[in-house]
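Structure first, commentary second.
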Amino acid sequence: MPMWTLHGDGHTVAPGAVVKPHERLGWPSTIAIGAQHVVAMFGATFLVPLLTGFPVSTTLLFSGIGTLLFLVLTGNRLPSYLGSSFAFIAPILALGPGDGAALDSPEQISRALLGVFASGVLLAGVGFLVQATGTRWIEKLMPPVVSGAIVALIGLNLAPVAWQNFQQDALLGTITLAASILFAVFFRGFLGRISIFLGVVFGYVVAALLGRVDFSGVESAAWIGLPEFHLPAFGDPVAWSMLPMFLPVILVLIAENVGHVRGVATMTGDPSVNTRTGRALIADGLATTIAGGFGGSGTTTYGENIGVMAATRVYSTAAYWVAGTFAILLAFSPKVGAVIFAMPAGVLGGITTALYGLIGVIGIKIWVDNQVDFSRPVNQYTVAVAFVIAIAGFTMNLGALSFGAIVIATVAALVIYHVGNAIARARRTGADDGGPIVPIGPLGGDPENVG
């Protein structure tokens, strides 16, 4: 039995029709669409190792391997690219030299990899639980006001890192930021969706023309070679003490995976896709575990590639097999990694000024889509306290354990929301006085919890 059936004549998609996951176009068209997915994922995927100090080639390798593993574990029926997750940036940088600088030693990378590895194991465990019990408990634990706050505060917590890079070359930073904004405003469809990538390319080219790029590492790098591998620091007590910083990341990955599955189900008109939520979490967890075990960044399902599917109306998993294979092949070119690592700090500062803010906007969009009622004090305080903790960079040390701002802010959001609603119910003021909400956000609405 073939993996895919040919859609129509294999060349065109009729108006109003979609190419479903189990279908494909002709191979030339499929390869072309797969190449689009590579472009869509590349900008975000290479930024994570560039910002954290992880090897770029290794990250590309395990994003490709993770994507193919995801397709296999979801029965080849859930189209998705697993790229680098931005949720890991903050806890990884906390293990570095300080002031938002990237990791600069194998020891620091190994410590961070332990956090990535552990996060993957826990996410896979959540996937097995969801496979057995469903997603209702996730919606109860993280209603839209909480999930939106957690996503947004990760971006806001990284704001000082953007400034650290930006101020090193304000001219390049301004040019890169302006280019990204203009690309997003002027372009429509696919090009508009990759405005971050285009802004980086434009800033890089300008930097090269101004003579502000050091290409010495590029010249000495081989065209073909093995990626740089690292192992997690399983025997390092310091690494184990920093693990709590990675716990909020798991909540974000859950939200992203659940939202991705529901988005695909809606776009393809196939509600049965939702039954693969548990498998998606297991697959992303295992992909993150494998990446963390050998030197790659943690992975997540990519919204950038949903944009490509929406533009092309092609949801064929065959295109993702092509994209994953391309990523693996790119990983075996050290020169590609050297070109990326040569990017000036000013370009990074400009693009992350937009990027980290956009992470915050994604969280806010969750509130808007779910009509979260901010006239309720419990919702106001859930967000207000979490945001200030994240932006100010609160820290807490309990013996050998160190808790960063994202951990403290996430716990604060969960505690304030659930304790506040428990008190409201006890006083019979009605935690569900907002009436029924249609479940349209990444985690769905909940009449009791949305407020």
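The values are calculated or read from the model by the stated rules, or taken from the named source; none is laboratory data. Just so it is clear, the structure is predicted and the values come from calculations on it, not from any experiment. Note: ideal-geometry Cβ built from the backbone for every residue, glycine included; neighbour counts use all protein chains shown.
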Restricting to the stretch 5-26, and then to whatever is under 17 Å from residue 309 (Cα atoms) and among the hydrophobic types (A, V, I, L, M, F, W, C), can you tell me which residue is modelled with the lowest pLDDT?
13
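Residues checked against (1) within 21 Å of the chain's Cα centre (by Cα); (2) modelled with pLDDT under 90; (3) aromatic (Phe, Trp, Tyr):
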| residue | (1), (2), (3) |
| --- | --- |
| 354 | yes, yes, no |
| 372 | no, no, no |
| 377 | no, no, no |
| 382 | no, no, no |
| 404 | yes, yes, no |
| 448 | no, yes, no |
Take the stretch 14-26 and flag every residue that is over 20 Å from residue 80 (Cβ atoms) and either in contact with a Lys or Arg (Cβ under 8 Å, 6 or more places away or on another chain) or exposed (fewer than 12 other Cβ atoms within 10 Å of the Cβ) (or both).
14, 15, 16, 17
Could you grab the pairs with beta carbons closer than 7 Å, sequence gap of 6+ or different chains, first residue in the stretch 1-21 and within 23 Å of residue 78 (Cβ to Cβ), second one exposed (fewer than 11 other Cβ atoms within 10 Å of the Cβ)?
8/14
Can you pull out the residues in the stretch 258-302 that are among the polar types (S, T, N, Q), touching a Ser or Thr at 6+ places or on another chain (Cβ under 7 Å) and part of a helix (DSSP H, G or I)?
277, 288
Where the second residue is of a type in the set (Phe, Trp, Tyr) and modelled with pLDDT of 80 or more and the first is closer than 14 Å to residue 247 by Cβ and lies in the stretch 394-405, which pairs have Cβ atoms under 6 Å and are six or more apart or on separate chains?
405/394
Subset of the stretch 412-436, residues hydrophobic (A, V, I, L, M, F, W, C) and at pLDDT 90 or above, comes to 412, 413, 414, 415, 416, 419, 422, 423
All but one of (1) crowded, with 17+ Cβ neighbours inside 10 Å; (2) assigned to a helix (DSSP H, G or I) hold for residue 238; state the number of the condition that does not hold.
(1)
Pairs, first within 10 Å of residue 381 (Cβ to Cβ) in the stretch 416-428, second surrounded by fewer than 17 Cβ atoms within 10 Å (Cβ to Cβ) and aromatic (Phe, Trp, Tyr), C-beta under 8 Å, six or more apart:
416/381; 420/381
Could you tell me whether residue 261 is touching a Pro at 6+ places or on another chain (Cβ under 9 Å), of a type in the set (A, V, I, L, M, F, W, C), surrounded by 24 or more Cβ atoms within 10 Å (Cβ to Cβ) and modelled with pLDDT under 95?
no
With respect to the numbered conditions (1) crowded, with 24+ Cβ neighbours inside 10 Å; (2) at pLDDT below 90, which one is the sole condition not fulfilled by residue 275?
(1)
Going through the stretch 395-419 one residue at a time, which ones are under 10 Å from residue 157 (Cβ atoms) and not in a helix (DSSP H, G or I)?
404
Residue list for the stretch 183-225, restricted to those being surrounded by fewer than 17 Cβ atoms within 10 Å (Cβ to Cβ) and among the small types (Gly, Ala, Ser):
189, 192, 208, 211, 216, 217, 220, 222, 225
Every residue from the stretch 145-173 that is in a loop (DSSP other than H, G, I, E, B) and farther than 20 Å from residue 87 by Cβ
167, 168, 169
Exactly one of 31, 89 is hydrophobic (A, V, I, L, M, F, W, C) and within 21 Å of the chain's Cα centre (by Cα), and that residue is 89
Filter pass, residue 258 being in contact (Cβ under 8 Å) with a residue 24 or more places away in the chain and under 30 Å from residue 140 (Cβ atoms)
yes
